[in-house]
Amino acid sequence: MPGSCTAVAHPNIALVKYWGKRDLTANLPSTSSVSVALAGFHTRTRVTWGSDVDEVRLDGRTVVGSQAERVLRFLDRIRPGRPPCRVVSASDFPVAAGLASSSSAFAALALAATRAAGLDLDPARISALARQGSGSACRSVHGGFVLWRRGEADDGSDSHAVPLLGADAWDVRIVAVVVDAGPKAVGSTEGMERSRATSPCYPAFVEENERLATLAARYVEARDLAGLVEVMEQSTLLMQATMTTAVPPIRFVRAASLGVIEAVSALR
Amino acid sequence: MDAGPNVKILCRASDADRVAGTLRPLAAGVHVLAPGGPAFVESEPASAG
C-alpha cells in the first residue's frame with residue numbers, strides 16, 4: 001500500500017555542459033552532458049503519498065504558488081489523479097556554495113515519490129522522471145561520474161543519465177570557488193532559451209558539445225585527468241560564447257572569475 | 001564555470017589542498033568536495049494505513 005518514503009541525493013556539476021533544450025515541455029536537452037556528483041552536500045526529501053491536502057515544505061517553510069506548483073505537477077506525472085501528498089524537503093548546503101540545488105532536489109523527490117506511491121522503478125526510469133522536474137536532476141540519480149544522453153525519442157524515454165565511473169573509483173576532488181554568491185541576473189532556463197534563440201554561436205555549440213561529451217565519457221572511463229580537463233574547458237568556453245553573443249548578452253563572468261582561472265593556469 | 005560567475009576545478013585529490021589554498025585569498029568561499037554516491041532511500045516506504 002502506498003505510504004511515506006524518505007530519499008537523499010547529492011547535487012552535481014556539469015563537466016561537459018547542458019545548455020539549451022530541444023523540447024521545453026519534456027526538458028529534453030539539445031546535447032549530451034557529463035557530470036560528477038558532489039559528496040558532502042545533500043537534499044533529503046520525504047513524500048507522504050496520501051494525506052489530507054497537498055502541502056510542500058522546502059527548507060523549513062511551507063511554499064505556495066509557482067514553487068509548490070512545480071513540485072505538485074511533478075507528482076502528477078508519476079500518477080495522474082493521485083491522492084493529496086505532503087512533501088518535506090531540505091538541503092544542507094548554503095546558497096553561498098554556488099551550487100544549484102534543483103539537481104539534488106528533483107532526484108530525491110523522484111526516488112521518494114515513486115517509492116511512496118508503491119512503484120519500484122529502475123534507476124534509468126527514475127533518472128528520466130527526475131529530468132522532467134529539472135534537467136540536471138537526472139544526473140544526480142546516479143553517483144560518481146555520469147553521462148546524460150541527449151536521446152532521440154520524442155517522448156524522452158531515452159534521455160536519461162547512465163553511470164560511467166563510481167564515486168570511489170577515481171581519487172579526484174572538485175574545488176568549488178565562490179566569487180559571487182548573489183542571485184544570478186538571468187536564470188538558467190531563460191538564459192538557455194535566449195542563447196538558443198539568438199546566439200549565432202549556438203549551432204556550433206550543439207554540434208561540438210556532443211562530440212566533447214563522447215570524448216569526456218571516454219576520458220572518465222580511462223581516468224585521464226588531462227584529457228578530461230581539456231574537454232571541460234572547451235565545453236565551458238563554448239557555452240560562454242553562446243551567452244555573450246546572445247541578444248541581449250548574458251554576462252556571468254566577473255573579474256574575480258578570471259583571476260581564479262589565471263591562478264589555476266599558473267599552478268599547472 | 002557553470003552558468004554563473006563561480007569556478008569549479010577538477011584535480012587530483014593529492015593536489016586539492018594546494019589548489020584550495022592558492023585560491024582562497026581570491027574568493028568569497030572555497031569548498032573541496034569528493035565525488036558523491038547515488039541517490040538512495042533513507043527510510044523504506046511505510047504504509048499510510
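No value in this document is a laboratory result; all are computed from the given coordinates. These numbers were taken from a predicted model, which means no experiment stands behind them. Every residue, glycine as well, gets a Cβ built from its backbone with ideal geometry; the counts of neighbours run over all protein chains shown.
Using equal-weight Cα scatterers in the Debye expression, the normalised intensity of the range A:171-213 in log10 at q = 0.21, 0.26 Å⁻¹ is -0.89, -0.90.
Among A:28, A:111, rank each residue by its count of other Cβ atoms within 10 Å, from fewest to most, as a rough exposure measure.
Listing A:28, A:111 from fewest to most nearby Cβ atoms yields A:28, A:111.
Ordered by the number of other Cβ atoms lying within 10 Å of each residue's own Cβ, fewest first, A:86, B:18, A:61 fall into the sequence A:61, B:18, A:86. Each residue in B:11, A:201 was given a count of other beta-carbon atoms within 10 angstrom of its own, and listing them fewest first yields A:201, B:11. Computed over the alpha-carbon atoms, the range A:167-264 gives an Rg to Rh ratio of 1.00, Rh here being the Kirkwood radius from the mean inverse distance.
Considering the convex hull of the alpha carbon atoms of the protein assembly as shown, report its projected area averaged over all viewing directions, in nm², one decimal.
Mean projected area of the Cα convex hull: 15.5 nm².
What does a probe at residue A:77 reach in the range A:12-51, counting residues whose amide N is under 14 Å from the point 7 Å along Cα→Cβ? It comes to A:22-29, nothing else.
Mean sequence separation of contacting Cα pairs (under 8 Å, at least six apart), scaled by the length of chain A, corresponds to a relative contact order of 22 percent. For a straight C-alpha distance cut-off of 13 angstrom, the aspartates and glutamates reachable from residue A:21 (same-chain residues fewer than eight places away being disregarded) are A:152, A:154, A:190, A:193. Within a straight-line Cα-Cα reach of under 20 Å, residue B:8 can be paired with the following aspartates and glutamates, leaving aside sequence neighbours fewer than 8 residues apart in one chain: A:92, A:168, A:171, A:180, A:224, A:230, A:233, A:262, B:17. For the range A:45-121, the Kirkwood estimate of the hydrodynamic radius, built from every pair of different alpha carbons, is 12.8 Å. Placing a label point 7 Å from the Cα of residue A:198 along the Cα-to-Cβ direction, no residue of the range A:3-32 has a backbone N closer than 13 Å. About the centre of its Cα atoms, the range A:203-245 shows a dipole size close to 60 debye [charges on the beta carbon of Lys, Arg (+1) and Asp, Glu (-1) only; nearest 20 debye]. Given in Å, the Rg to one decimal and the Dmax to the nearest whole number for the Cα atoms of the range A:108-162 are 10.6, 30.
In whole Å, what is the distance between the alpha-carbon centres of the range A:198-226 and the range A:137-161? Centre-to-centre distance over Cα atoms comes out at 16 Å.
Over all pairs of distinct alpha carbons, what does the Kirkwood formula give as the hydrodynamic radius of chain B, in Å?
This gives a value of 14.2 Å.
3J(HN,Hα) couplings calculated from phi for the range B:32-44 with the Karplus curve 6.51 cos²θ - 1.76 cosθ + 1.60 (θ = phi - 60°) are, in sequence order, 9, 10, 8, x, x, x, x, 4, 8, 8, 8, 10, 4 Hz; Gly and Pro show x. Remark: relative contact order (the range A:1-107) = 34 percent; criterion is Cα-Cα distance under 8 angstrom and separation of 6 or more residues. Taking the centroid of alpha carbons for each part, the range B:8-39 and the range A:42-71 are 33 Å apart.
Run the numbers for residue A:266 and residue A:171: contour at 0.36 nm per residue of separation, minus the present Cα-Cα distance, in nm.
Taking residue A:266 through residue A:171 to full extension adds about 31.9 nm, to one decimal.
Residue by residue through B:12-22, how many Cβ atoms from other chains fall within 10 Å of the Cβ on average?
Average neighbour count from other chains, rounded to a whole number: 4.
Label sites at residue A:153 and residue B:43, each approximated as a point 7 angstrom past Cα along Cα to Cβ, lie 3.4 nm apart. Contact order for the range A:101-243, expressed relative to its length and based on alpha carbon pairs under 8 Å spaced 6+ residues apart, stands at 17 percent.
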